[in-house]
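Worksheet: one structure, shown below.
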Amino acid sequence: MNEVKVLNKGEKFAHATVGSLLGFEGKQFVKDATGATSCEISFGTLPTGAAVPFFHTHKANEENYIILSSEGKFQVNDEVFNVAEGSVIRVATNCDRNLKCTSAEPMTYICIQAKEGSLGGYTMTDAEITERENLL
């Protein structure tokens, strides 16, 4: 299983890694390593033919799954649909969900969990263009 490593941290940021996603195995949560206060992010993999070993639901948090590689099936309550690299699936609170890899290659995905209905501002409604010397 990969381990989260904190690479550097400042007063206003944290930089962590789970390492290369090529060959990544298992499930790894990163909230504690980054000190996140608004969401939980996890990286996960499923071997060929494997599913998450349980259905689950959340009371307050929605989940957003981003499929990074491979193909599979996703189930929300009694609805089943195909997913593949590039798929983004939002699952609301109070419903069961599960994911299965159906392709010959392992599936790698990211899951972002945050309180449902909490997004107040986003993109340019929450952003402000600033002036700063570019040190990149």
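Among the listed residues 25, 3, which satisfies the condition of being in contact (Cβ under 8 Å) with a residue 24 or more places away in the chain, surrounded by fewer than 11 Cβ atoms within 10 Å (Cβ to Cβ) and in a loop (DSSP other than H, G, I, E, B)?
It is 3.
Can you name the residue in the stretch 83-106 that is more than 22 Å from residue 58 (Cα to Cα) and out of contact with any Pro (no Cβ under 8 Å at 6 or more places or on another chain) and is also surrounded by the most Cβ atoms within 10 Å (Cβ to Cβ) among such residues?
So, considering only residues that are more than 22 Å from residue 58 (Cα to Cα) and out of contact with any Pro (no Cβ under 8 Å at 6 or more places or on another chain), the one surrounded by the most Cβ atoms within 10 Å (Cβ to Cβ) is 102.
Are there any pairs, at least 6 apart or on different chains, whose C-beta atoms fall under 7 Å, with the first in the stretch 111-124 and closer than 22 Å to residue 43 by Cβ and in contact (Cβ under 8 Å) with a residue 60 or more places away in the chain and the second among the aliphatic types (A, V, I, L, M) and buried (at least 17 other Cβ atoms within 10 Å of the Cβ), and if so, which?
112/41
Could you tell me whether any residue of the stretch 40-47 is touching a Pro at 6+ places or on another chain (Cβ under 6 Å) and crowded, with 16+ Cβ neighbours inside 10 Å?
Among the residues of the stretch 40-47, at least one is touching a Pro at 6+ places or on another chain (Cβ under 6 Å) and crowded, with 16+ Cβ neighbours inside 10 Å, which makes the answer yes.
Quick one: residue 50 ticks every box in (1) among the small types (Gly, Ala, Ser); (2) crowded, with 16+ Cβ neighbours inside 10 Å; (3) on the phi < 0 side of the Ramachandran plot bar one, so which box is it?
All conditions pass for residue 50, except number (2).
Within the stretch 44-61, identify whether any single residue is of a type in the set (Val, Ile, Thr), in a strand (DSSP E or B), touching a strand residue (DSSP E or B) at 6+ places or on another chain (Cβ under 9 Å) and farther than 16 Å from residue 114 by Cβ, and answer yes or no.
yes
A short reminder: the numbers here are calculations on the coordinates, not readings from a lab. Note that the structure is a prediction, hence the values are computed from the model and not measured. Cβ sites come from the backbone with ideal geometry, for glycine too, and all protein chains shown count toward neighbours.
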